[in-house]
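First up is the structure itself, then whatever we jot down about it.
The values are calculated or read from the model by the stated rules, or taken from the named source; none is laboratory data. On a predicted model such as this, the values are computed, not experimentally measured, just so you know. We place every Cβ from the backbone using ideal geometry, glycine too, and count neighbours over all the protein chains shown. Only protein heavy atoms, including side chains, enter the accessible area calculation; ligands, DNA and RNA are left aside. Shrake-Rupley method; radii C 1.70, N 1.55, O 1.52, S 1.80 Å.
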Amino acid sequence: MLFRSPAPRLESLLVRPVPVVVNPGSRRGSAAWPAVREVLDGAGVESTLVDPHDDLRGTLARLMESRPPLLLAGGGDGTIGCAAAAVAGTSTVLGVVPLGTANDFARTLEIDPDPATAVRQLLEGRVVDVDLGRAGDAAFLNVASLGFSVAVTQRLTARAKRRLGPLAYPWAAALAYGRHAAFDAVLHFPDGDHDDLDLRGLLQIAVGNGVHYGGGNTVSPTASVDDHLLDVYAIERGRLRDHLSIAQLLRDGSLVDHERVHHVVTRRVEVRTGTPMPVNLDGEIAARTPLLFGVERNAVRVVVPAHSRAATFEGASGPDQG
């Protein structure tokens, strides 16, 4: 019989100053820190604000040398993804403070979008573990994608995010749509759970580890951040009316049932394209095809509000070997 260790109690994570890493480049950035600190001080939690100085990954790596029991990360999905990769496979628990434009991982965990409220929820919450997507040596929490989504990301300037908030996503999509060229790809499944898919004339391929992406869109109706599976879908280029009908299905994920969408659920998939293509990982263009995607099961311990239905604590972590 497998005996799982109990989830760590939050009280045990507050035994020393809690490092708080805030990305000043995120939409709300360090402007939200005073309200966050007021909540922490009011709860008697000693905290230390850490400035990444334009080196977020390096800062996180240095912090993790001392294995803090709890690490709070404030920023958008790119920042939270970096923090998740840094704590993956360790006993450090991640606390998410949503300060970005989309905040899709926070949405998946059912964390309130208001930073101060989010911290209050976390201080009264519980610890769960979630999966981490892997794209080669890189990591992602929500969705990795290529094609149209990369063109949208390239038009999502920091200025547009600050001025338009979540509306920056449809604005960027409208700019990118007319100039995006169709592409071909082969999806290869190394575990043999599916036959290879040779796909022509595509608009986009997405590989989902989490539930939400793109400012509240849903990967699929059954997507979960702790099911140890990837939801993979490919959208054919098609006609404008096809894309408009698909766009109406993005919010609840039912686009996976559209006739111009190919959808599979798997543990590993390799995406091959005729020429190398850039890949978007949680809003950051950080890899290129050909690329092998997989799942690191229960890799990240994270605090969720007491009411969250997002995940449970299973207490085992590691890459999924099938």
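For the structure I just gave you, tell me whether PRO8 is surrounded by fewer than 19 Cβ atoms within 10 Å (Cβ to Cβ), at pLDDT 95 or above and under 27 Å from PHE313 (Cβ atoms). Please lay out each step first, then the result.
Working: surrounded by fewer than 19 Cβ atoms within 10 Å (Cβ to Cβ): yes; at pLDDT 95 or above: no; under 27 Å from PHE313 (Cβ atoms): yes.
Against the criterion (surrounded by fewer than 19 Cβ atoms within 10 Å (Cβ to Cβ), at pLDDT 95 or above and under 27 Å from PHE313 (Cβ atoms)), PRO8 does not qualify.
How many of the residues in segment 4-25 are touching a helix residue (DSSP H, G or I) at 6+ places or on another chain (Cβ under 6 Å) and closer than 27 Å to ASP129 by Cβ? Outline the logic, then answer.
Quick first cut of segment 4-25, residues touching a helix residue (DSSP H, G or I) at 6+ places or on another chain (Cβ under 6 Å) only: 19, 22-24.
Those left that are additionally closer than 27 Å to ASP129 by Cβ: 19, 22-23.
Selection size over segment 4-25: 3.
Given the condition open to solvent by 30 Å² or more (accessible area, probe 1.4 Å), among the charged types (D, E, K, R), under 26 Å from GLY192 (Cβ atoms) and in contact (Cβ under 8 Å) with a residue 60 or more places away in the chain, answer yes or no: does some residue in segment 261-268 qualify?
The answer is yes, given that some residue of segment 261-268 is open to solvent by 30 Å² or more (accessible area, probe 1.4 Å), among the charged types (D, E, K, R), under 26 Å from GLY192 (Cβ atoms) and in contact (Cβ under 8 Å) with a residue 60 or more places away in the chain.
Return the pair list, or none, for Cβ contacts closer than 6 Å from residues in segment 299-322 that are more than 14 Å from THR108 (Cα to Cα) to residues that are among the hydroxyl-bearing types (Ser, Thr, Tyr) and modelled with pLDDT under 95, at least 6 apart or on different chains.
Hits for this filter: ALA299/SER317; GLY315/SER5.
Count, please, the residues in segment 44-90 that happen to be at pLDDT 95 or above, of a type outside the set (Ser, Thr, Tyr), surrounded by fewer than 20 Cβ atoms within 10 Å (Cβ to Cβ) and in contact with a Lys or Arg (Cβ under 8 Å, 6 or more places away or on another chain).
Qualifying residue count for the region: 1.
Need a quick list: strands (runs of 3 or more DSSP E) entirely within segment 207-293 having at least 1 residues that are farther than 22 Å from VAL186 by Cβ.
Those strands (runs of 3 or more DSSP E) span 284-288.
Would you point out the residue of segment 105-134, among those that are out of contact with any helix residue (DSSP H, G or I) (no Cβ under 6 Å at 6 or more places or on another chain) and among the acidic types (Asp, Glu), that is nearest to ALA32 (Cα to Cα)?
Looking at residues that are out of contact with any helix residue (DSSP H, G or I) (no Cβ under 6 Å at 6 or more places or on another chain) and among the acidic types (Asp, Glu), I get ASP114.
Could you check segment 282-294 and list, in sequence order, the residues that are of a type in the set (A, V, I, L, M), under 15 Å from VAL150 (Cα atoms) and either in contact with a Gly (Cβ under 7 Å, 6 or more places away or on another chain) or at pLDDT 95 or above (or both)?
The one that is of a type in the set (A, V, I, L, M), under 15 Å from VAL150 (Cα atoms) and either in contact with a Gly (Cβ under 7 Å, 6 or more places away or on another chain) or at pLDDT 95 or above (or both): ALA287.
Consider segment 214-250. How many of its residues are more than 18 Å from ARG309 (Cα to Cα), of a type in the set (A, V, I, L, M), crowded, with 20+ Cβ neighbours inside 10 Å and in contact with a Phe, Trp or Tyr (Cβ under 9 Å, 6 or more places away or on another chain)?
Within segment 214-250, residues that are more than 18 Å from ARG309 (Cα to Cα), of a type in the set (A, V, I, L, M), crowded, with 20+ Cβ neighbours inside 10 Å and in contact with a Phe, Trp or Tyr (Cβ under 9 Å, 6 or more places away or on another chain) number 3.
With the requirement that a residue be assigned to a strand (DSSP E or B) and crowded, with 22+ Cβ neighbours inside 10 Å, what does segment 107-126 give you?
Within segment 107-126, none qualify.
Of all residues in segment 188-220 being aliphatic (A, V, I, L, M) and farther than 26 Å from ARG241 by Cβ, which is modelled with the lowest pLDDT? Quick ask: steps written out before the conclusion?
Step one: filter segment 188-220 for residues aliphatic (A, V, I, L, M), giving 197, 199, 202-203, 205-207, 211, 219.
Right, trim to farther than 26 Å from ARG241 by Cβ and you get 207, 211.
On the way: VAL207: 98, VAL211: 95.
Checked segment 188-220; the qualifying residue modelled with the lowest pLDDT is VAL211.
Return yes or no: is VAL93 farther than 26 Å from ALA287 by Cα, modelled with pLDDT of 95 or more and open to solvent by less than 60 Å² (accessible area, probe 1.4 Å)?
yes
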